Amino acid sequence: MYERFIQRRRYYYLFSGTVILLGLLAMVFSYVRIGTPLRLGVDFLGGTRFELQFSDQVTEDQIRTVFSRFEVSNPLVTALQGQGLQNAWQVRAKYVPLETSQQIEDGLADLVPLVPGTTAVTTISPTIGGEVTRAALVAVLFSAGVILIYIMAVFRQVPHPFRYGACAVAALFHDLMVIFGFIAIMGVVLGWEIDALFLTAVLTVAGFSLQDTIVVFDRIRENLGKRQYRGQDFEIVVNASVQQTFKRSVITQLNAMFIMVAILLFGGDSIKPFISVLFVGLLSGTYSSIFFATPLLVSWEKGEIPLLKPRPT
């Protein structure tokens, strides 16, 4: 399996490109449909969000009529789907005062009785979401810069240490693109919105991605210094390094994945988007460290990347 593992790298690039492309298409579709690449929650847009579950069927027009009665124009009304959700709706509107939101809730209950204990009303300022987003972006970029410098320092004894750091950072952004594409697809299919928990998942995935990639690269660095691999082709060293780390990487990540699957099966509906993003990100991080970052490093060393080919002397 491992003797020609790295020689099949073009297939790995094709798979990664296909997955990311599907996510980008979902973002384009979402942008055309609702005006944003991702379906943003109230944490980012600000305003008031109503989550309601009625005891009997109700139409979207009936819900809009109640909101228009209290001069709340153009609310975004979405039917919620999932386990245990029947006649459930989410309504996102501009900021509504607490007193008015209670009156709207009473008006909806007069329309069709609400299921007790299922109504949730959330109000938030859009500035909070913007501040959290900027903080998360700075954290990701700062982490990428620190990892790049760290790997260059630790790998300074091998040729081209910058390439190791750059490939690790590229794998990080690969994983981020995968989870952004996933949440975009789920936003189109199931109406999932991104909230502050999504940013937590992004930062967690970034940590997992970098950690796994460093493990593989560190084994390559160790093998390059061993007598048995001196003078060997770089692909041979990489194939041996992947063989030595593959089982460890997969088994380590499977432990966390099993827990996430259990939460998805038996946990509450409100936490499932967060756990799903974590699961997909962890799966992508395990994949990218072996099937993206490592092949990318080999392609760079072999001069196969057009813009990064060494100049002829």
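Please identify the pairs in which a residue from segment 181-200 that is farther than 19 Å from L25 by Cβ has its Cβ atom under 7 Å from the Cβ atom of a residue that is part of a helix (DSSP H, G or I) and small (G, A, S), counting only partners at least 6 apart or on another chain.
Matching pairs, first to second residue: E193/G187; L199/A136.
Could you identify the single residue in V96, V58, V42, V77 that is more than 26 Å from I185 (Cα to Cα), among the hydrophobic types (A, V, I, L, M, F, W, C) and at pLDDT below 85?
Of V96, V58, V42, V77, the one residue that is more than 26 Å from I185 (Cα to Cα), among the hydrophobic types (A, V, I, L, M, F, W, C) and at pLDDT below 85 is V96.
Any idea which of T133, T122 is of a type in the set (S, T, Y), outside any helix (DSSP H, G or I) and either modelled with pLDDT of 85 or more or in contact with a Phe, Trp or Tyr (Cβ under 9 Å, 6 or more places away or on another chain) (or both)?
T122
For segment 138-152, which positions are hydrophobic (A, V, I, L, M, F, W, C) and either in contact with a helix residue (DSSP H, G or I) (Cβ under 8 Å, 6 or more places away or on another chain) or not in a helix (DSSP H, G or I) (or both)?
Of everything in segment 138-152, those that are hydrophobic (A, V, I, L, M, F, W, C) and either in contact with a helix residue (DSSP H, G or I) (Cβ under 8 Å, 6 or more places away or on another chain) or not in a helix (DSSP H, G or I) (or both) turn out to be A139, V140, A144, I147, L148, I149, I151, M152.
Do we have any residue at all in segment 222-229 that's assigned to a loop (DSSP other than H, G, I, E, B), over 21 Å from G303 (Cα atoms) and not β-branched (V, I, T)?
Yes, that holds for at least one residue.
Among S68, S101, S16, which is the only one that is in contact with a His (Cβ under 9 Å, 6 or more places away or on another chain), at negative phi and not aromatic (F, W, Y)?
The conditions single out S16.
Please give the helices (runs of 4 or more DSSP H) falling wholly within segment 1-95 in which 2 or more residues are exposed (fewer than 13 other Cβ atoms within 10 Å of the Cβ).
9-34, 60-69
With respect to the numbered conditions (1) loosely packed, with under 15 Cβ neighbours inside 10 Å; (2) of a type outside the set (A, V, I, L, M); (3) under 20 Å from F5 (Cβ atoms), which one is the sole condition not fulfilled by T213?
T213 satisfies every listed condition except (1).
Give me a count of the residues in segment 230-250 that are assigned to a helix (DSSP H, G or I) and free of Cβ contacts under 8 Å to residues at least 12 places away in the same chain.
2
Do you know which residues across segment 134-147 are within 18 Å of S209 (Cα to Cα) and surrounded by fewer than 16 Cβ atoms within 10 Å (Cβ to Cβ)?
Passing the criteria: L137, V138, A139, L141, F142, G145, V146.
Going through segment 205-250 one residue at a time, which ones are over 24 Å from the mean Cα position of the chain (by Cα) and β-branched (V, I, T)?
The answer is I220, I236, V237, V238, V242, T245.
What pairs come out if I take residues in segment 266-290 that are closer than 20 Å to G187 by Cβ and pair them with residues that are of a type in the set (D, E) and modelled with pLDDT of 90 or more whose C-beta lies under 7 Å away, six or more apart or interchain?
G281/D175; S284/D175
Collect the residues in segment 237-249 that are surrounded by 14 or more Cβ atoms within 10 Å (Cβ to Cβ) and not small (G, A, S), keeping them in residue-number order.
Residues satisfying the conditions are V237, V238, N239, V242, Q243, Q244, T245, F246.
Looking at segment 193-205, is at least one residue within 27 Å of E235 (Cβ to Cβ) and either among the aromatic types (F, W, Y) or crowded, with 22+ Cβ neighbours inside 10 Å (or both)?
No.
Filtering segment 263-284 down to residues that are of a type in the set (A, V, I, L, M) and at pLDDT 85 or above, which residue is surrounded by the most Cβ atoms within 10 Å (Cβ to Cβ)?
Per the stated criteria, the residue is V277.
The values are calculated or read from the model by the stated rules, or taken from the named source; none is laboratory data. Just so we're clear, the structure is a prediction, and the values are computed from it rather than from any experiment. Backbone-built Cβ (ideal geometry, glycine too); neighbour counts: all protein chains shown.
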